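Notes for the one structure printed next.
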Amino acid sequence: MEVAGQGATPDYVFRRILLSKGLNPDRDLQLSYALAYPEIAQSLIVGRISTALLPEPFATMARSGKPDLRLVGDIQAEWRSATGSAASGNYPMTVLVVDADYAKAEPAAVQAVLNALQASIEWVVANPREAGTLVEKHDLGLRAPVVSAAIPRSNYVFIPVREARPSLEALYRTFLEFSPVSIGGSLPADSFYLGF
């Protein structure tokens, strides 16, 4: 099974899910990390590989090129199950990191960026066709129809830090389980979470 990003979030999340299902990822499966997402999608299309962990929009890209491919799971639902609680929410895919000194000195600027980010996410979710057109127009490596089709399945949401902390800590605990050094050996202190 092809997985992108050995020693990165997709690998650790998938390993946590497998373990929660009673599977040992080092014994019960043969995981390969040789390809990046676009190459995984192309390899599925041409039949070089048959199974992969693939995020959107690359899952849609692969299914567009080979319609008989099928989705066998929802990684977000499996993550919630693996972490044992709906309270841990979806695993965070992207976070905004701001220097603490800058955030203290320029809270209005940070809040403006957060507001713009939230508005952008909400616009993309509400306008997948237009968002797809912009992705292709700005040559971000994906075609508009693929992006437009993938957006509804992409789980784009804006979650303020206070609400996101349980999800972040569930993910950080997974990092601690597989590679403590990847996050400095412990959960971040309260000061890590700026309260905007």
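The values are calculated or read from the model by the stated rules, or taken from the named source; none is laboratory data. Note that the structure is predicted; figures quoted are calculated from it, not measured. A quick note on method: Cβ atoms are made from the backbone with ideal geometry, for glycine too, and the neighbour counts reach across all protein chains shown. Ligands, DNA and RNA are stripped out before the accessible areas are found, and what is left, the full protein with its side chains, is counted by its heavy atoms. Shrake-Rupley method; radii C 1.70, N 1.55, O 1.52, S 1.80 Å.
Things to note:
- Sole exception among (1) at pLDDT 95 or above; (2) within 24 Å of Phe14 (Cα to Cα) for Ser182, by number: (1)
- Count - residues of the range 164-196 that are closer than 18 Å to Leu114 by Cα, assigned to a helix (DSSP H, G or I) and touching a residue at least 60 places away in the same chain (Cβ under 8 Å): 2
- Sub-8 Å Cβ pairs linking a first residue in the range 46-75 that is in a loop (DSSP other than H, G, I, E, B) to a second residue that is buried (at least 17 other Cβ atoms within 10 Å of the Cβ) and among the aromatic types (Phe, Trp, Tyr), at least 6 apart or interchain, are Leu54/Tyr37; Pro55/Tyr37, ordered by first then second residue.
- Within the range 123-137, if we keep just the residues that are in contact (Cβ under 8 Å) with a residue 24 or more places away in the chain and open to solvent by less than 70 Å² (accessible area, probe 1.4 Å), the residue that is nearest to Met93 (Cα to Cα) turns out to be Val124.
So that you can scan it fast, the table gives a plain yes or no per residue for (1) in contact with a helix residue (DSSP H, G or I) (Cβ under 8 Å, 6 or more places away or on another chain); (2) open to solvent by 70 Å² or more (accessible area, probe 1.4 Å):
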| site | (1), (2) |
| --- | --- |
| Asp139 | no, yes |
| Arg143 | yes, yes |
| Ser154 | no, no |
| Ser167 | yes, no |
| Pro180 | no, no |
| Leu187 | yes, no |
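- Exactly one residue out of Ile17, Ile45, Ile40, Ile49 is within 21 Å of Pro166 (Cβ to Cβ) and surrounded by 15 or more Cβ atoms within 10 Å (Cβ to Cβ), and it is Ile17.
- Condition met for Ala103 (of a type in the set (Gly, Ala, Ser), over 17 Å from the mean Cα position of the chain (by Cα), open to solvent by less than 60 Å² (accessible area, probe 1.4 Å) and closer than 29 Å to Phe175 by Cα): yes
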